[in-house]
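Bear in mind these aren't lab numbers, they're just calculated from the coordinates by the rules spelled out. Because the structure is predicted, anything quoted here is derived from the model rather than measured. Virtual Cβ from ideal backbone geometry, glycine too; neighbours counted across all protein chains shown.
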Amino acid sequence: MDACRLSLVCRLFRSAADSDAVWGRFFPHDLLQILSGTDFASSMDSLSKKELFFRLSHRPVLVGDDRNRSFAIDKRNGKKCYMLGARRLSISWGDTPAYWRWIPDWQQSRFLEVAELRIVWWLDIKGWIETNMLSPKTRYAAYFVYNLNVEYKGFEERPVKLRVYLEGQDGNGDETSVFLKPPPNMQQQFRERGDGWMEVEMGEFFNDGGEEDDHRCMTVVGRRDMEQKWTIIFFDLLCMSLFIRGKTKARSILCHPIMNI
């Protein structure tokens, strides 16, 4: 933030950097609506706009009736960021205990449950978010947030396919292939988040509209080998969420041919 840098130099700018009028410009106009009904809403009035900005940019707030979605503000530009918990995703065979197990109160997750892949012959995970919930005129990227247990299998042998696209528009987005755990001789394609999870970029899209825009951003993580004469068995994958945030060149992640959710 330029105001913060200048405040270190000049007392006048320091006063401006602490001004509610200055910091209020970084908030989305529907912030109160987004946070209404959350556990955090009751403590908002005790914070200055500067304190509120840094709180929302460093500590996401669980929103929605089911608390399976979190909201944050990008500290670089004030854009809206959302993370969708695993229960918000459509996971093929997700309710079949032989294939997936739902773990409550996982200590490294902000959500009530994470999904653990036990064994499956193909992956099919879909997520979506309405674009009118996001900041308009903004390029976004979607990321698949996951982890691997010690005895994982299949992810070094075959990549998964990732895709991001806007529902109802021409084309179904570019498909990319990524190794969630690259073989030893391949460049790492995921990023360590610093919270015990990894993320891989699935793709990006430009959100042109505003509140009247009723498109949905669709994301897909998949790996099907039904056309092959052999099949890879995947297991021991922990799926926490789909993360959507404003795109910047500095945060882009190098990916082999693949897709993001």
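General observations
- Relative contact order [Cα under 8 Å, 6+ residues apart], segment 130-190, whole percent: 25
- Tally of Lys pairs whose C-alpha atoms are under 14 Å apart, taken over segment 34-182, 8 or more apart or cross-chain: 7
- In this simple spin-label model, placing a label point 7 Å from the Cα along the Cα-to-Cβ direction at both V150 and W102 gives a separation of 2.8 nm.
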